[in-house]
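A short worksheet on the structure shown next.
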Amino acid sequence: MNQVDSFMDNFIAGRGNPVNSVMEKLKDLLIVAGGGRNVGKTEFVCRLIEQISIRHEIYGLKVSAIHPDEAIFHGDHSTQQFSTSLYEETRYDQEKDTSRMLRAGARKVFYLHGDDERIRVGFQEFQRMIPAAAPVICESGSLWKYVRPGLLVLVKGANDEIKPRALEIAEHASLIVDSDGRSGFTELTSISYSEDRGWTCHSGMSVRK
């Protein structure tokens with residue numbers, strides 16, 4: 001049993017808090033979560049892909065928990081035929097978040113959805129489908145519970161309160177971005193990637209380790 005499997009077994013059984021569990025840091029993984037609906041997290045993800053893909057091949061991942069209104073906010077994936085909860089996005093001409101990530105310059109983009117178990121297993125499958133130590137930008141409000149990313153970024157509306165289920169993310173975020181729809185995410189310039197250090201945040205930004 002590997003570390004992730006052991007952690008999830010304890011979590012599902014109600015033994016221990018996943019946030020406080022000791023997990024190996026995946027330095028090549030950056031997760032972007034949202035503090036509410038329509039705060040600009042996908043736009044932030046796409047601009048970051050554009051910025052980093054100039055020098056590195058970026059792999060994108062969109063993770064969604066199952067909600068009845070998922071298609072409204074994340075794009076309708078119901079017509080996709082797949083045997084697992086993970087599939088690769090191949091369309092550039094759609095308005096889905098995954099298509100936008102492809103247009104932004106990601107080498108490949110995948111969509112993962114489901115409950116806790118499917119997300120856990122699906123992420124392990126995703127890791128097997130991309131090169132080892134490849135830089136990944138993931139849009140998700142849930143994956144951070146199961147893996148420890150190199151950076152965890154929370155995007156929130158500049159004048160909005162953080163939604164209740166995102167408050168825990170804020171407590172553990174490496175960087176909190178205020179999205180006002182005008183400034184163009186000045187925090188982007190503080191984020192960089194290198195093969196030896198993975199994702200890092202600099203230039204005086206407040207970062208939690």
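The values are calculated or read from the model by the stated rules, or taken from the named source; none is laboratory data. These numbers come from a predicted model, not from an experiment. Cβ sites come from the backbone with ideal geometry, for glycine too, and all protein chains shown count toward neighbours.
Enumerate the helices (runs of 4 or more DSSP H) found wholly within segment 89-203, keeping only those where 2 or more residues are over 18 Å from GLY34 (Cβ atoms) and not hydroxyl-bearing (Ser, Thr, Tyr).
Details: elements: 97-104, 116-129, 167-172.
Output list reads 97-104, 116-129.
If we keep just the residues of segment 1-59 that are part of a strand (DSSP E or B) and farther than 28 Å from ASP180 by Cβ, which is modelled with the lowest pLDDT?
Among residues in segment 1-59 that are part of a strand (DSSP E or B) and farther than 28 Å from ASP180 by Cβ, the one modelled with the lowest pLDDT is LYS25.
Filter segment 130-164 down to the residues that are more than 19 Å from CYS201 (Cβ to Cβ), out of contact with any Asp or Glu (no Cβ under 7 Å at 6 or more places or on another chain) and not basic (Lys, Arg) and list them by number.
ILE130, PRO131, ALA132, GLY141, SER142, TYR146, GLY157, ASN159, ASP160, GLU161, ILE162, PRO164
Please work out if ASP97 is more than 27 Å from THR186 (Cβ to Cβ), surrounded by 15 or more Cβ atoms within 10 Å (Cβ to Cβ), of a type in the set (Asp, Glu) and in contact (Cβ under 8 Å) with a residue 40 or more places away in the chain.
no
Scan segment 125-143 residue by residue and report those that are out of contact with any Leu (no Cβ under 7 Å at 6 or more places or on another chain) and within 24 Å of ALA166 (Cα to Cα). Break it down stepwise before answering.
To start, the set of residues in segment 125-143 that are out of contact with any Leu (no Cβ under 7 Å at 6 or more places or on another chain) comprises 127-135, 139-143.
GLU139, SER140, GLY141, SER142, LEU143, listed by residue number.
Filter segment 22-67 for residues that are acidic (Asp, Glu) and within 11 Å of PRO135 (Cα to Cα) and give the result.
Of everything in segment 22-67, those that are acidic (Asp, Glu) and within 11 Å of PRO135 (Cα to Cα) turn out to be ASP28, GLU57.
Return the total of residues in segment 50-66 being in contact with a Lys or Arg (Cβ under 9 Å, 6 or more places away or on another chain) and under 27 Å from ASN159 (Cβ atoms).
1
Among the residues in segment 137-148, are any among the polar types (S, T, N, Q), surrounded by 20 or more Cβ atoms within 10 Å (Cβ to Cβ) and touching a residue at least 40 places away in the same chain (Cβ under 8 Å)?
Within segment 137-148 (the criterion being among the polar types (S, T, N, Q), surrounded by 20 or more Cβ atoms within 10 Å (Cβ to Cβ) and touching a residue at least 40 places away in the same chain (Cβ under 8 Å)), the answer is yes, since at least one residue qualifies.
Looking only at segment 101-118, filter to residues that are small (Gly, Ala, Ser) and either touching a Cys at 6+ places or on another chain (Cβ under 7 Å) or closer than 16 Å to TRP144 by Cα (or both); which one of those is surrounded by the fewest Cβ atoms within 10 Å (Cβ to Cβ)?
The qualifying residue surrounded by the fewest Cβ atoms within 10 Å (Cβ to Cβ) is GLY114.
Would you point out which residue out of SER192, SER140, SER99, SER174 is at pLDDT 90 or above and touching a Ser or Thr at 6+ places or on another chain (Cβ under 6 Å)? Full working, then the answer.
Values: SER140 fails: touching a Ser or Thr at 6+ places or on another chain (Cβ under 6 Å); SER99 fails: touching a Ser or Thr at 6+ places or on another chain (Cβ under 6 Å); SER174 fails: touching a Ser or Thr at 6+ places or on another chain (Cβ under 6 Å).
That would be SER192, the only listed residue that is at pLDDT 90 or above and touching a Ser or Thr at 6+ places or on another chain (Cβ under 6 Å).
Applying the selection to segment 158-171, what residues are in contact (Cβ under 8 Å) with a residue 24 or more places away in the chain, in contact with a strand residue (DSSP E or B) (Cβ under 6 Å, 6 or more places away or on another chain) and either within 27 Å of ASP196 (Cβ to Cβ) or surrounded by fewer than 23 Cβ atoms within 10 Å (Cβ to Cβ) (or both)?
ILE162, ALA170
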